[in-house]
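Student: If you scroll down you'll find the structure; I have some questions about it.
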Amino acid sequence: MRPHLLALLAKEPAHGYELKQALEQTFGSAYPSPNIGQIYVTLGRLEKDGLVRSVDVEQSNRPNKKVYYLTAKGRDALTAWVEEPTEGPRVRDEFFMKLVLAPLTGIADRMALISRQRRHYLSLMADLNDLLSGTDPRDRVAGLLIEGAMLHLQADLDWLERCQEDLA
Amino acid sequence: MSAVLKAVNLVKIYSGGALPVPAVRGVDLEVEEGEFVAVMGPSGSGKSTLVHMLGGLDTRTSGEIWLDGKRVDTLSESAWALLRREKVGFVFQFFNLVANMTVADNVELPALLAGISPKEARERRESLLAALNLGDRADAAPAQLSGGEQQRVALARALANKPSVLLADEPTGNLDSRNTRDVLRLLGEVHKQGQTIVMVTHDARVASLADRLVSLFDGQIVDDGRITRRRTGTAGEVIDLR
Ligand SMILES: Nc1ncnc2c1ncn2[C@@H]1O[C@H](COP(=O)(O)OP(=O)(O)OP(=O)(O)O)[C@@H](O)[C@H]1O
Ligand SMILES: [Mg+2]
């Protein structure tokens, strides 16, 4: 979550709760709602590393609030994050390890593993379908995120079929 | 519970060529009323052959097919054709519409042949085409439509006679994601209204609408089970943003 908070702070200084709201607003219903405790912990670490700094702002009738802002070092870290190439989503695949290794154990045959995995993927897809139909069509960020997840799942299923053709 | 459609030890061996090709090798399948069954499997695994036989479009080599409690594999070709009109809707992998009829007539014809009144046939056609975003293409000829549009017309036609069972072979094969969404919505709706569906598809989004998945491999069913839904309602468990 570190770079996400840095990016939001690059726009304007904010306190913890505002950052939580900004994440929710930006990503809409598709974002796993960020935990406020985790946001504060992350901000603490960023501050310790010198990427953000905070000032106490007095409030009438309430305890002071801490407003965080980005440092020059923080901006450099953010730039580096944006510019570095992003890892593809599939570098490790646990299911593939099971598929290759399971026959050695005699626990399950490959055909059964593949069939079970296929239905699991389709269950995930059904969840995404429900999620998409429950998403406001104007919420494009959430919509694209869900569609992206669907396309990944479709690729996983296609690949499962290739595994079935070649290994089973 | 009564099975709308049932296959017992169904076998198809194509024997036209130099070597006989066993395309379907002993399939047992029961589809309950209102059930939505997705059929998946690699290319050449026998999916099209299976659904063609179930719809009486291809003859079986051996085994039995039952439709609405009636044995149908032993029927004469003309008796089958008659029954099919009333009870089966079919969407083909390669859509085939009647070229010299308008879209509207293509969709209304099966309903009329099934004995539905002209007024009802027209109303049903209008609502189906509207649901598939084709309301304004009713007077076009099939050749004036894109592949995706033709496929959607084929789906509307298959549903026009309110069949006991809708058999579909890759109904979204030619569709882009937007057109697929229209088809998904309509399939979801008719399924909710109790339409029994057996559908071959490679499209995971379409398959995930189904209650049950049948996996074919080498002409045999290698898996047959429910597609469960967790109904989480939140994205957290499905999407992992880092
Ligand atoms: N008319 C035919 N004559 C001879 N063999 C055929 C005929 N139709 C299909 N086959 C063979 O039967 C097997 C099953 O074919 P089928 O069309 O049912 O596969 P499928 O699962 O629908 O594949 P795809 O995903 O490519 O549509 C294949 O080996 C195919 O070559
Ligand atoms: Mg086929």
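Student: Can you sort B:LYS162, A:LYS73, B:LYS119 so the residue with the fewest Cβ neighbours within 10 Å comes first?
Tutor: Details: B:LYS162 18, A:LYS73 13, B:LYS119 8.
So the residues, fewest neighbours to most, are B:LYS119, A:LYS73, B:LYS162.
Student: I'd like to compare B:52-61, A:52-61, B:203-212: which one has the highest average count of other Cβ atoms within 10 Å, and what's the full order after that? Show your work: numbers first, answer last.
Tutor: Working: B:52-61: 20.4, A:52-61: 11.3, B:203-212: 22.7.
Listed from highest to lowest mean packing, they are B:203-212, B:52-61, A:52-61.
Student: Placing unit charges on C-beta atoms (Lys and Arg positive, Asp and Glu negative, everything else neutral), compute the dipole magnitude of segment B:73-161 about its Cα centre in debye, rounded to 20.
Tutor: On the way: 10 positive and 11 negative charges, 20 e Å.
In total the dipole reaches around 100 debye.
Student: Per residue of B:202-214, count partner chain C-beta atoms within 10 Å of its C-beta, then hand back the mean as an integer.
Tutor: Values: counts 4, 3, 16, 11, 2, 8, 13, 4, 2, 1, 1, 5, 0.
Per residue, the average neighbour count from other chains is 5.
Student: What residue among B:ALA130, B:MET101, B:VAL31 has its Cα farthest toward the positive end of the dipole of chain B, where the charges are +1 on Lys, Arg and -1 on Asp, Glu, each on the Cβ?
Tutor: B:ALA130
Student: Follow-up. What pairs in B:LYS12/B:LYS47; B:LYS119/B:LYS162; A:LYS11/A:LYS66; A:LYS11/A:LYS73; A:LYS48/A:LYS73; B:LYS119/B:LYS192 have C-alpha atoms more than 22 Å from each other? Spell out each step's value before the answer.
Tutor: On the way: B:LYS12/B:LYS47 11 Å; B:LYS119/B:LYS162 15 Å; A:LYS11/A:LYS66 17 Å; A:LYS11/A:LYS73 15 Å; A:LYS48/A:LYS73 12 Å; B:LYS119/B:LYS192 25 Å.
Over 22 Å apart, Cα to Cα: B:LYS119/B:LYS192.
Student: Which of B:ALA158, B:ALA79, B:ALA18 ends up with the largest GNM mean-square fluctuation for chain B, with Cα atoms connected below 10 Å?
Tutor: Comparing B:ALA158, B:ALA79, B:ALA18 in the GNM, the peak value goes to B:ALA18.
Student: Which GluC sites (Glu not before Pro) does segment A:67-168 hold that lie in a coil by DSSP with at most 11 other beta carbons within 10 Å? Mind dumping the intermediate values first?
Tutor: On the way: sites: A:GLU83, A:GLU87, A:GLU94, A:GLU147, A:GLU161, A:GLU165; in loops: A:GLU87.
Passing both the DSSP loop test and the Cβ count: A:GLU87.
Student: Give me the three principal axis extents of the protein assembly as shown from the C-alpha atoms, as integers in angstrom, largest value leading.
Tutor: That gives 88, 60, 39 Å along the principal axes, largest extent first.
Student: Sticking with this one: If you look at just the Cα atoms of segment A:2-83, how large are its Rg and its Dmax in Å?
Tutor: Every Cα atom of segment A:2-83 included, Rg and Dmax give 12.8, 44 Å.
Student: How about A:LYS65: which aspartates and glutamates have a C-alpha closer than 13 Å to its C-alpha, ignoring those fewer than 8 places off in the same chain?
Tutor: A:GLU18, A:ASP56
Student: Please work out the Cα convex hull volume for chain A and give it in Å³ per residue.
Tutor: Values: hull volume 29.5 nm³, N = 168.
In chain A, the Cα hull volume divided by residue count equals 176 Å³.
Student: Please compute the contact order of chain B in relative form: average sequence separation of alpha-carbon pairs under 8 Å and at least six residues apart, divided by the residue count, as a percent. Don't jump to the answer; show the numbers that get you there.
Tutor: Values: 464 pairs, mean separation 66.3, N = 242.
Once normalised by length, the contact order is 27 percent.
Student: Right, another one. Tally Lys/Arg at +1 and Asp/Glu at -1 over every other residue whose Cβ is under 11 Å from the Cβ of B:ILE116; what's the total?
Tutor: +2
Student: Sticking with this structure for a sec: Can you show me the helix-derived [θ] at 222 nm for chain B, built from DSSP H runs with n ≥ 4 at -39,500 (n - 2.57) apiece and divided by the number of residues, rounded to the nearest 500. Before the final figure, lay out each step's value.
Tutor: Details: 7 runs with 77 residues, N = 242.
Helix contribution divided over all residues of chain B: -9500 deg cm²/dmol.
Student: To continue, here is another question. Quick check for me: using +1 on Lys/Arg Cβ and -1 on Asp/Glu Cβ, what's the dipole size of segment A:94-167 about its Cα centre, in debye to the nearest 20? Mind showing how you got there, number by number?
Tutor: Numbers: 8 positive and 12 negative charges, 33 e Å.
With only Lys, Arg, Asp and Glu charged at Cβ, the dipole is about 160 debye.
Student: Please identify, among A:ALA30, A:ALA149, A:ALA112, the residue showing maximal mean-square fluctuation in a Gaussian network model of chain A using a 10 angstrom Cα cutoff.
Tutor: Checking each option, the largest mean-square fluctuation is seen for A:ALA112.
Student: May I pose another question? Normalised by the empirical 2.2 N^0.38 Å for globular proteins, what value does the Cα Rg of chain B take?
Tutor: On the way: Rg = 18.2 Å, N = 242, 2.2 N^0.38 = 17.7 Å.
That works out to 1.03 for chain B.
Student: What is the set of long-range amide H partners of B:PHE36 at a cut-off below 5 Å, with H atoms built 1.01 Å from backbone N?
Tutor: Correct list: B:ILE197, B:ASP211, B:ARG212.
Student: Between segment B:162-233 and segment A:124-168, what is the separation of their alpha carbon centroids in Å?
Tutor: Between the Cα centre of segment B:162-233 and that of segment A:124-168, the gap is 15 Å.
Student: Show me the helices of chain A, taken as full DSSP H stretches, that run 30 Å or more along their long axis by Cα and average -1.0 or above in Kyte-Doolittle hydropathy. Don't skip to the end; give the middle numbers.
Tutor: Numbers: long enough: A:110-133 (34 Å, -0.18); A:140-167 (40 Å, 0.11).
Qualifying helices, which must be both long enough and hydrophobic enough, are A:110-133, A:140-167.
Student: Something else now. Evaluate the charge dipole of segment B:22-72 about its Cα centre and quote only its size in Debye, nearest 20, assuming +1 on the Cβ of each Lys and Arg and -1 on the Cβ of each Asp and Glu. The partial results should precede the final answer.
Tutor: Details: 5 positive and 8 negative charges, 67 e Å.
Here segment B:22-72 has a charge dipole of around 320 debye.
Student: Rounded if a/c is under 1.5, else prolate if a/b beats b/c, else oblate: with a ≥ b ≥ c from the C-alpha gyration tensor eigenvalues square-rooted, which is segment A:94-167?
Tutor: prolate
Student: Additional query: Would you mind counting up the charge near B:HIS52? Only other residues with Cβ under 15 Å from its Cβ, with Lys and Arg at +1 and Asp and Glu at -1. Write out the running numbers ahead of the final one.
Tutor: On the way: positive: B:LYS12, B:LYS47, B:ARG60, B:ARG84; negative: B:ASP58, B:ASP73, B:GLU77, B:ASP169, B:GLU170.
Once all neighbours under 15 Å are counted, the net charge is -1.
Student: Looking at the calculated P(r) for segment B:42-106, what percent of the C-alpha pair distances fall above 15 Å? Write down the numbers at each step before the final one.
Tutor: Numbers: 1228 of 2080 pairs.
Beyond 15 Å sits 59 percent of the P(r) for segment B:42-106.
Student: In chain B, which longest range has no GluC sites (Glu not before Pro) that are both DSSP loop (not H, G, I, E or B) and surrounded by at most 15 other Cβ atoms within 10 Å?
Tutor: Working: sites that count: B:GLU33, B:GLU237.
Excluding the exposed sites themselves, the longest stretch runs over B:34-236.
Each reported figure results from applying straightforward, stated rules to the coordinates on display, with no laboratory input. Bear in mind that the values here come from a model prediction, so they are computed numbers and not experimental data. Counting neighbours? That spans all protein chains shown, and the Cβs are built from the backbone with ideal geometry, glycine included.
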